[in-house]
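The values are calculated or read from the model by the stated rules, or taken from the named source; none is laboratory data. The shown structure was predicted, so the numbers you read here are calculated from the model rather than taken from an experiment. Cβ coordinates were reconstructed from backbone atoms using ideal geometry, including for glycine residues, and neighbour counts include every protein chain displayed.
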Amino acid sequence: MVDLMVEKKANWMKTARWIYWVVTLLFVVTMISAGLTYLAGASFNIEGITHLGYPVYLLKILGVAKLLGGIAILQGRFRTLKEWAYAGYTFNLLGASASHALYGDPFVKVLVPIIILGFVLVSYRQWKTG
């Protein structure tokens, strides 16, 4: 009986680890890609940020933050840095959603950051219970 419970727990830990990495890679790749396009000054990003009333230089700040946040989440040594990266992504995505909502953009533009935030929160939960 005890051996069966130990085996079930070991199997669940493997599954939980897979869930963590799949969810984490999905949103980290998304955020790093966004960071790179922000830093490259892609025209669609410039149009999007000026549409919301923000200055273009904000793309450089957010681009660096998204790249560094992705690195912080993928590394495993500095736990506090990882916590801050999760918090930063949370604030970024909530701010993006609020900006679109307050500007009056279509609901889908409000919803996309919230969906990505869902991945961030699942990843965080899996990491903390890991």
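Points worth noting:
- Members of the range 78-129 that are of a type in the set (S, T, Y), crowded, with 17+ Cβ neighbours inside 10 Å and farther than 30 Å from A10 by Cβ: Y89, S97, S99
- Residue among G48, G69, G41 that is of a type in the set (G, A, S) and at positive phi: G41
- Any hit, the range 40-51, residues being of a type in the set (G, A, S), in contact with a helix residue (DSSP H, G or I) (Cβ under 7 Å, 6 or more places away or on another chain) and assigned to a helix (DSSP H, G or I): no
- Which numbered condition K128 misses (of (1) modelled with pLDDT under 95; (2) outside any helix (DSSP H, G or I)): (2)
- Of the set (1) free of Cβ contacts under 8 Å to residues at least 24 places away in the same chain; (2) under 22 Å from S123 (Cβ atoms); (3) surrounded by 11 or more Cβ atoms within 10 Å (Cβ to Cβ); (4) not hydrophobic (A, V, I, L, M, F, W, C), all apply to G48 but (2).
- Counting only residues that are among the acidic types (D, E) and within 18 Å of L68 (Cα to Cα), the range 79-130 holds 1 of them.
- Criterion (closer than 24 Å to W127 by Cα and at pLDDT 95 or above) met by exactly one of K60, K66, K109: K66
- Residue selection: K82 satisfies the criterion of being in a helix (DSSP H, G or I) and more than 19 Å from L36 (Cα to Cα).
- Residue in the range 101-108 that is touching a His at 6+ places or on another chain (Cβ under 9 Å), part of a helix (DSSP H, G or I) and hydroxyl-bearing (S, T, Y) present: yes
- Test for T80: is it under 17 Å from K128 (Cα atoms) and modelled with pLDDT of 95 or more: yes
- Taking residues in the range 10-37 that are touching a residue at least 12 places away in the same chain (Cβ under 8 Å), and partners anywhere that are basic (K, R) and assigned to a helix (DSSP H, G or I), the pairs with Cβ atoms closer than 8 Å and at least 6 places apart or on different chains are M31/K66; I32/K66; A34/K66; G35/K66.
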